[in-house]
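Report on the structure given below.
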Amino acid sequence: MLKHLFGEVVSAEAGKHSPVTLRVNQGMATLLLTIPLAFTIFALTRLVSHPPDVKDLALLGSFYVATAMGITVGFHRMLTHGSFETNPLIRAVLLIFGTWAIQGAAITWAAIHSKHHVFADTDQDPHSPVKNFWHGHMGWFFSTLRGEPEQYAKAQLRDPVVMFISRTAFWWAVLGMVIPFLIGGWSGLLWGGAVRLFLVHHVTFSVNSICHYFGSRPFDTGGQDVSRNNWVVGVLAMGEGWHNNHHAFPKSSFQGLNWRQLDLSGQFIRLLGFLRLARGIYTVPPSVVKARLAAQAESTP
C-alpha cells in the first residue's frame, strides 16, 4: 500500500523530467486513513483497563513532535518555500521525520503544496475546501494526483538529499513504525505509531480545511484565497495555523508574526540559527508587516 502511495521517484537528468506521481486510489486512501482511526478508537476503549504508561506517552509525544516538525519545518518551510538553509545531515533528518507522516514522498509533497499556493482556493487548487470542507480536509487524498515537480518543484529535483529521501520514502515510513515497536512493543506501536499518525494526519489536514473556513484574515491575500489564522490549529500544528500570515508571506520562516502567535516551528528554526545549524533564515521586516496591515485597514469599509 505504501509503495503505491509514494509512487515512483526518478531524479531529473539533462533533458528529462521526473515522473513523480501520488497514486492513491480510493481503496488505499480508505485504508491509510481508517487504520490509524480504528487503532485510535481501540486505544481509547482500553484507557481504563490498559491505560498508556509513561513509555507509551513518551513515544506518542516524541514521535508526534518529530513527525509534525518534519512536516512543518522540513517539508513545508525548508523544502517547499526555502525559508532557511541547513547542512545535508539536518536536511535529511527533517525530511525523514516528515516522511514518517505518510503523506507522500518529500518531492511530491512540495510540488502539491506549491501548486496550492499558485491556485489557492480555485478549481485547480489540489486541496481547497472551496468545493466542500470534506474535500479540503482529506477528500482530495482519495484522488490520483500528479505531483508535477518538474513544474512546481524544479529546484528540489536537483537536490540529491531530497531525491534520495524521496526515492526511499517507503522504507523511512516503515522505520517510523518500527522504532516505536522496538522501544515499546505492541503498546509502543499503538501509541507511538498508529495514534500518533492519526493525530498528525488530522492536525495537518486541518490547515487545509479549518484554516480556509474559520478564523481571522488580517491580510488581503488576493484572488480567491480565503486563508485564515486559527489559533487552535496554530498551537496543535506547531504554528501552521497562522495560515493567513503564511499566505501573505509564504517565504517567511515564522508564521507567527508576533509574540502572541505561538509558532513552535518558528522557534525551532530560530534555535537552529542560534546553534549555527541554519542560515539564510528569512524574516519579514516589521515595517512590511505594518504597511500591509495599514493597507488592509484602509481598504476595509
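Bear in mind that the values in this text are calculations on the coordinates, not laboratory data. As the structure is a prediction and not an experimental result, all values here were calculated from the model. A quick note on method: Cβ atoms are made from the backbone with ideal geometry, for glycine too, and the neighbour counts reach across all protein chains shown.
Of note:
- Within region 273-291, one or more residues are within 20 Å of the chain's Cα centre (by Cα) and not in a loop (DSSP other than H, G, I, E, B).
Yes or no, residue by residue, for (1) β-branched (Val, Ile, Thr); (2) under 25 Å from Ser206 (Cβ atoms); (3) crowded, with 20+ Cβ neighbours inside 10 Å:
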residue: Gly241; (1), (2), (3): no, yes, yes
residue: His247; (1), (2), (3): no, yes, yes
residue: Pro250; (1), (2), (3): no, yes, no
residue: Ser253; (1), (2), (3): no, yes, yes
residue: Asn258; (1), (2), (3): no, yes, no
residue: Arg270; (1), (2), (3): no, yes, no
residue: Leu275; (1), (2), (3): no, no, no
residue: Ala291; (1), (2), (3): no, no, no
residue: Ala297; (1), (2), (3): no, no, no
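- Of all the listed residues (Gly239, Gly184, Gly176), the sole one being in contact with an Asp or Glu (Cβ under 9 Å, 6 or more places away or on another chain), within 30 Å of Pro52 (Cβ to Cβ), assigned to a helix (DSSP H, G or I) and touching a residue at least 60 places away in the same chain (Cβ under 8 Å) is Gly184.
- All positions within region 204-226 that are in contact with a Gly (Cβ under 9 Å, 6 or more places away or on another chain) and either under 23 Å from Leu94 (Cβ atoms) or surrounded by fewer than 18 Cβ atoms within 10 Å (Cβ to Cβ) (or both): Phe205, Ser206, Val207, Asn208, Cys211, Tyr213
- Taking the numbered list (1) under 20 Å from Leu79 (Cα atoms); (2) free of Cβ contacts under 8 Å to residues at least 60 places away in the same chain; (3) among the aromatic types (Phe, Trp, Tyr) in turn, Phe170 passes all entries but (2).
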